[in-house]
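Worksheet for the structure shown next.
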Amino acid sequence: MTGAGSKELNDFGAAADAWFRENVDPDPGFMLPLTFMEVGTDQQFEWLRDWQNRVYEAGFLGAAWPEQYGGGGLDPAFQAEATKAMRRHNGPIMLNAIGLNWTGPLLLDLGSEDHKKTYLQRILSAEDIWCQGFSEPENGSDLGNAQTRAVRDGDAYVVNGSKIWTTLGRYADHMILLARTDSNTPRKYDGLSFLLAPMKTEGVRTVPIRKLTGEHGFTQTFFTDARVPVDRLVGEEGQGWGVAMRTLEYERGARGGQAGGYVSVQADAWDVLELARGMQRAGAPALDDPVLRERMVEFIIEIQSLALCRQRLGVPALNSDRPAGLPLSSKLMNTEFARRVNEFAITLTGAKGAYYVGDPSAVDDGIWARAYLNAFSATIGGGTSQIQRNIVGEHVLGLPKS
């Protein structure tokens, strides 16, 4: 792996900055999703798949993944520079979120050599799209009670059951699937296995779910005697719970190794500030209202503190008291902040906040209402905010289970 010498790193950062400045298209002629959970049309999907491939081919995605699996073999600091340049120029999101951020790091850590050679490069290039099969219709957040069955039959597992909230399910080539291979275990967490399941195969059917935002970013996935090759098992049979928990650490930002880029447009208090400057309240600028002005200042302070927390994560000496504190709380803090700041933005627009995307009377084409409604999915996916608070309480503060 190439080190992060200052000249090499600066040159790489400058090249990334120049590339994104030249290649980011601020208006492709249609509405781009704010998050990977909002990809609802073939046009959006194909455009974003091409965009991710272009970023990868330019060397600005997967820069820290090993060269033998399609990555750049560089120090993680290089990828961080590329991602900063992407944000600076408001680059579109990376499409293949579950592949880049969860499946890829997991396979680098726990996958077989065949898994790494088969999947990793195609994750980066967006040739293969991944989805996640954890949640089930009858079990909600009780992941350990998964009832989708995978029964061994020769060189394959025969899968029957259903998974829900499958983001990008109708486009995906593969799913990370948690299924029950043994029903006769003393604990519900035992007997689960973690599979890399093909989606475009006989016995797999997806049904789109219309979301609050009006699009169909989620699906429900049905398995009817679908066959998954035995060599697509990650870890040991019956030990899938531990693999799934490792996956959730990537999803929640508690463990590194992601390919880079970003999969959602972050809420920006500075954009909200610009909105506040342009809105009127009782015939005067909204910021003349002392209550609104105080709340705006609080949001600016909070977004700066979240940015500093991300920097603090990279300094072990600043995390020695509670090493798991920031990683385990970052998902909760960031998703709840996004929900609150977008809600505040809608209050600034007054009665016009009732208009949605496409309505000529909507402020900024309804982006604030759209962002607010979208924010709820992030407070649920990867564990609800209630579950995140339990995790922080139990694993960071040492509080008893209640």
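FYI, it's all coordinate maths here, none of it is from the lab. Since this is a predicted model, take the numbers as computed values, not measurements. Here the Cβ positions follow ideal geometry from the backbone for every residue, glycine too, while neighbour counts run over all protein chains shown.
Over segment 192-256, what relative contact order in percent results from Cα pairs under 8 Å that are six or more residues apart? Write out the running numbers ahead of the final one.
Numbers: 77 pairs, mean separation 25.8, N = 65.
40 percent.
May I ask you to give the average projected area over all directions of the convex hull of the Cα atoms of segment 131-251, in nm² rounded to one decimal? Display every interim value, and only then the final one.
Details: hull surface 29.4 nm².
Reported value for the Cα convex hull: 7.3 nm².
Among residues other than GLY70 whose Cβ falls under 12 Å from its Cβ, what is the net charge (Lys/Arg +1, Asp/Glu -1)?
Once all neighbours under 12 Å are counted, the net charge is -1.
Ignoring solvent entirely, what values of log10 I(q)/I(0) come out of the Debye formula for the chain at 0.13 Å⁻¹ when each Cα is a single scatterer?
Debye output, listed in q order: -1.21.
Step through the residues of segment 173-183 one at a time and calculate ³J(HN,Hα) from phi using the Karplus curve (6.51 cos²θ - 1.76 cosθ + 1.60, θ = phi - 60°), rounding each to whole Hz and writing x for Gly and Pro.
8, 9, 10, 7, 10, 9, 9, 8, 9, 8, 9
LEU9: net charge of surrounding residues, Cβ under 10 Å, Lys/Arg +1, Asp/Glu -1, itself excluded? Write down the numbers at each step before the final one.
Numbers: positive: LYS7; negative: GLU8, ASP11, ASP75, GLU81.
That works out to -3.
Under 8 Å for C-alpha pairs, at least 6 residues apart: give me the relative contact order for segment 131-251, rounded to a whole percent. Could the numbers behind the result be given before it?
Details: 286 pairs, mean separation 34.4, N = 121.
After rounding, I find 28 percent.
Distance between Cα centroids, segment 52-110 to segment 220-298: provide it in whole Å.
The two parts, judged by their Cα centres, are 17 Å apart.
With contacts defined as alpha carbon pairs under 8 Å and 6 or more residues apart, what's the relative contact order of segment 6-129 in percent? Walk me through the numbers on the way to the answer.
Details: 135 pairs, mean separation 39.8, N = 124.
After rounding, I find 32 percent.
For helix 325-348, what angle does its Cα long axis make with the longest principal axis of the chain, in degrees from 0 to 90 and rounded to 10?
That helix lies at roughly 40 degrees to the long axis.
When you take every Cα atom in segment 269-396, what is the radius of gyration, and what is Dmax, the widest Cα pair distance, in Å?
17.2, 53
Filter LYS163/LYS200; LYS84/LYS117; LYS84/LYS200; LYS116/LYS401 down to the pairs with a C-alpha to C-alpha distance above 26 Å, please. Don't skip to the end; give the middle numbers.
Working: LYS163/LYS200 16 Å; LYS84/LYS117 29 Å; LYS84/LYS200 35 Å; LYS116/LYS401 38 Å.
In this structure, LYS84/LYS117; LYS84/LYS200; LYS116/LYS401 exceed 26 Å between Cα atoms.
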